[in-house]
Structures are given as C-alpha cells and as structure tokens.
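Chemist: The structure under discussion is supplied below as structure tokens; questions concerning it will follow.
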Amino acid sequence: MSDSILVRNTLIGGLVADAASLGLHWLYDVERLNKVVKAHNNQPAFLPVNKSHYQGEVGYFAHGQKHSGMLTQYGESLRLMIDSMNASDGQLNIESVQQHFKDTFGPGGSYQGYIDKPTAGTLENLSNGQTKPSGIDDDQLPAIARLAPVIVAYHKHPEFSQILEQAITITNTHPDALHYGQVYADLLTLILNGSELKTALQQTAEQAPDSTRKPLLDALNTDEKDPVKYGETTGRACPLSQAIPLCFHILNNTGSYQNAIETNIRAGGDNAGRSIVIGTILGAYYGLNEDTGIPVEWLLRVEDGLALWWVCEKFAQRVK
C-alpha cells in the first residue's frame with residue numbers, strides 16, 4: 001500500500017465511522033440500544049436519527065437537526081482540520097485551524113447542531129482574543145477528534161510532541177487530553193509504520209504515561225472479551241479516561257473494520273467520539289476492501305461521501 005493510500009484510508013476511516021455512529025450516539029442504555037438495533041435488521045450502523053430511540057432515562061438525544069449519513073460534531077472537527085491543513089499546503093497552521101473552527105462551529109457557520117463544552121469554550125476564548133492556547137480545561141473526546149491528519153503529517157518530525165500538543169490545546173488543555181492524545185498518536189504511528197495491531201496496542205499501553213498505563217493494560221489483559229460488557233468497567237461516557245481504554249478493548253477483540261465499528265456502536269454512550277479513534281486506526285490497518293476493511297457500501301452512505309473522499313485524497317497527496 002502506498003503512503004498516499006495509507007493516509008487517505010486513515011482519514012476516510014475516521015469520517016465513515018463517525019457517520020455510521022450518528023443514529024445511536026449517546027444512547028447509554030445498552031439493552032434499549034440492542035432492542036433498537038434488532039428492530040433495524042440487527043444492523044447498528046447508519047440507523048435513522050429518531051428521538052423515540054431515547055425515550056426514558058436512556059441517553060441524550062443531541063442530533064435532532066441531522067439525518068442518517070451526516071457527520072457528528074466530532075466528524076466535522078476532523079473535516080475542518082483536514083480542510084485547514086489542505087489550505088496550508090499540508091501543514092499545521094494554528095491560526096488557520098482556529099479560523100476554520102470559527103467558520104464551522106461559530107455563529108453563521110457551516111455546522112448546524114449540537115455544540116459540546118470544549119467547542120463552546122473554545123469559541124468563547126477565540127471571540128475574546130485568547131488564542132495561545134484557545135482551549136479550555138476539559139478532558140473529553142473532542143481533544144483528539146481532529147488529530148489524525150496532524151499525526152500522519154508529523155509523526156516523523158523531530159518536534160512531533162510539541163506540534164501534537166499545539167493541536168490538542170486548540171480546544172483542550174486538561175492533562176488527560178495531552179496524555180491520551182499522545183497515546184492515540186503513539187498507536188496510530190505504530191500502525192502507520194506497519195506494526196501488527198495487537199503488538200501495537202500492547203507496546204503503546206506499556207509505554208503510556210503513568211496516569212494512563214494501568215487502564216490501558218487492564219483493557220488488553222482482562223478475561224472479559226465482550227466490549228459491550230467491558231463498557232461497564234471503563235464507563236461509556238465522553239472523558240478520555242473512559243473512552244480510550246474501551247477503544248483499546250474493542251480494537252483488541254474484533255477482527256475487521258466493520259466488526260469494530262458495529263461493536264463500538266453497540267457499546268453505547270459516546271460511541272461517535274470513540275469511533276474516530278477506532279476508525280482511523282483500522283482505516284490505516286485494514287484499508288478499503290470487502291473482507292476486513294472499510295466497506296465501500298458504508299462510504300456510499302455518508303452524505304457528501306465523494307466530496308470527503310477527495311478532501312482526504314487531496315490531503316494524502318500533499319503529505320506523502
């Protein structure tokens with residue numbers, strides 16, 4: 001696989017996974033989630049966006065303005081980073097990212113829908129002229145949703161850690177955001193360099209910062225092999241301390257892109273946020289194929305899928 005194809009598959013893997021998860025995003029009651037999936041031919045991906053799925057104390061219905069095939073706010077964050085870096089000849093330009101962020105999520109922006117806490121806080125900081133950094137003290141998944149293009153472009157750069165920190169603190173300054181952002185970058189870098197998945201997971205966990213090492217190793221070494229059940233151990237919510245160990249468990253106990261994304265959706269909670277981590281890793285690892293890779297059928301179900309494909313292709317050509 002050429003470097004440009006690898007880069008493209010990494011990014012499109014994250015975007016497709018995000019769109020696939022929209023319909024059941026933030027549904028926390030896995031029993032209710034399972035009933036909804038059974039009522040839709042046992043296919044959890046690309047379900048219709050329907051408020052009735054969330055009736056009762058089962059989750060949070062955030063995407064009433066959207067329909068199946070659209071991106072969540074996580075996917076939009078990844079897309080704006082790709083667009084910004086494309087506009088900067090494949091380079092990370094913080095001012096450009098911040099402008100794209102405002103143009104996407106700010107008043108009158110291209111994105112219409114739910115605005116999460118770090119996005120709202122970042123917009124407020126930017127409106128007040130706070131740019132270095134523009135992020136807030138938050139430990140949730142928006143910290144890493146847009147990092148994949150930075151990782152593929154800079155993982156061989158001698159100052160990669162500093163560049164990664166700059167990218168993270170655009171929205172999130174919490175120590176967990178920095179630590180788990182590094183974990184994600186380490187894992188994706190190993191995959192980009194050709195490591196076997198389980199080996200890469202183990203190596204990344206063993207070398208993780210002290211505050212993150214144990215939950216990652218626990219996720220890999222547990223006797224519980226069902227990620228949906230293991231979500232009771234990690235938690236299913238937005239904090240990175242819950243999400244990344246569950247991502248590791250899912251990656252370690254599934255055998256294809258589709259299986260991993262469907263399992264992640266079934267695990268409930270902030271499955272869309274986790275999906276970009278899982279989708280980029282497995283987009284790089286499995287590629288685009290009928291057996292284990294990104295299903296072409298899924299790509300065709302993403303709204304503006306062709307446009308997103310070419311955005312990722314353009315980026316891949318710039319950074320190869």
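The values are calculated or read from the model by the stated rules, or taken from the named source; none is laboratory data. What you see is a predicted model, and the numbers here were worked out from it, not measured in a lab. Reconstructed Cβ throughout: ideal geometry from the backbone, glycine too, with neighbour counts over all protein chains shown. For accessibility, only protein heavy atoms count, side chains too; no ligands or nucleic acids. Shrake-Rupley method; radii C 1.70, N 1.55, O 1.52, S 1.80 Å.
Chemist: Are any of the residues in the stretch 185-194 free of Cβ contacts under 8 Å to residues at least 40 places away in the same chain, farther than 18 Å from Pro239 by Cβ and not in a helix (DSSP H, G or I)?
Modeler: Looking for residues that are free of Cβ contacts under 8 Å to residues at least 40 places away in the same chain, farther than 18 Å from Pro239 by Cβ and not in a helix (DSSP H, G or I), one finds at least one in the stretch 185-194, hence yes.
Chemist: Still on this structure: Taking the stretch 78-97 only, how many residues are open to solvent by 10 Å² or more (accessible area, probe 1.4 Å) and either within 19 Å of the chain's Cα centre (by Cα) or hydroxyl-bearing (Ser, Thr, Tyr) (or both)?
Modeler: So the count comes out to 5.
Chemist: Please count how many residues of the stretch 37-61 are buried (at least 16 other Cβ atoms within 10 Å of the Cβ) and part of a helix (DSSP H, G or I).
Modeler: The number of residues fulfilling the criteria is 3.
Chemist: Of the conditions (1) outside any helix (DSSP H, G or I); (2) free of Cβ contacts under 8 Å to residues at least 12 places away in the same chain; (3) not aromatic (Phe, Trp, Tyr), Thr199 fails just one. Which one is it?
Modeler: Of (1) outside any helix (DSSP H, G or I); (2) free of Cβ contacts under 8 Å to residues at least 12 places away in the same chain; (3) not aromatic (Phe, Trp, Tyr), only one is false for Thr199: (1).
Chemist: Residues in the stretch 209-221 that are surrounded by fewer than 16 Cβ atoms within 10 Å (Cβ to Cβ) and either under 16 Å from Asn253 (Cβ atoms) or modelled with pLDDT under 95 (or both): how many?
Modeler: Matching residues across the stretch 209-221 total 4.
Chemist: Further question on the same structure: Condition check: open to solvent by 10 Å² or more (accessible area, probe 1.4 Å) and either without any contact (Cβ under 8 Å) to a residue 60 or more places away in the chain or in a helix (DSSP H, G or I) (or both). Does Glu232 satisfy that?
Modeler: Working: open to solvent by 10 Å² or more (accessible area, probe 1.4 Å): yes; either without any contact (Cβ under 8 Å) to a residue 60 or more places away in the chain or in a helix (DSSP H, G or I) (or both): yes.
For Glu232, the condition - open to solvent by 10 Å² or more (accessible area, probe 1.4 Å) and either without any contact (Cβ under 8 Å) to a residue 60 or more places away in the chain or in a helix (DSSP H, G or I) (or both) - is met.
Chemist: Something else about it: For the stretch 150-171, what are the residues that are touching a residue at least 60 places away in the same chain (Cβ under 8 Å) and in contact with a Phe, Trp or Tyr (Cβ under 6 Å, 6 or more places away or on another chain)?
Modeler: The answer is Tyr154, Ile163.
Chemist: Restricting the stretch 263-313 to residues that are of a type in the set (D, E, K, R) and touching a residue at least 24 places away in the same chain (Cβ under 8 Å), which is surrounded by the fewest Cβ atoms within 10 Å (Cβ to Cβ)?
Modeler: Selected residue: Asp291.
Chemist: Please work out if Ser110 is in a loop (DSSP other than H, G, I, E, B), surrounded by fewer than 16 Cβ atoms within 10 Å (Cβ to Cβ) and modelled with pLDDT of 95 or more.
Modeler: The answer is yes for Ser110.
Chemist: Count, please, the residues in the stretch 117-146 that happen to be open to solvent by less than 10 Å² (accessible area, probe 1.4 Å), in contact (Cβ under 8 Å) with a residue 60 or more places away in the chain and out of contact with any Gly (no Cβ under 8 Å at 6 or more places or on another chain).
Modeler: Looking only at that region, the number is 1.
Chemist: Out of curiosity, is Ala243 open to solvent by less than 40 Å² (accessible area, probe 1.4 Å) and out of contact with any helix residue (DSSP H, G or I) (no Cβ under 7 Å at 6 or more places or on another chain)?
Modeler: no
Chemist: Further question: Of the residues that make up the stretch 304-316, is at least one assigned to a loop (DSSP other than H, G, I, E, B) and over 17 Å from the mean Cα position of the chain (by Cα)?
Modeler: Yes, there is a match, as at least one residue in the stretch 304-316 is assigned to a loop (DSSP other than H, G, I, E, B) and over 17 Å from the mean Cα position of the chain (by Cα).
Chemist: Test Gly194 against the criterion of being on the phi > 0 side of the Ramachandran plot, modelled with pLDDT of 95 or more and of a type outside the set (Ser, Thr, Tyr), and give yes or no.
Modeler: The answer is yes for Gly194.
Chemist: For Ala145, which of the numbered conditions (1) part of a helix (DSSP H, G or I); (2) in contact with a Leu (Cβ under 9 Å, 6 or more places away or on another chain) fails to hold?
Modeler: Ala145 satisfies all of (1) part of a helix (DSSP H, G or I); (2) in contact with a Leu (Cβ under 9 Å, 6 or more places away or on another chain) except (1).
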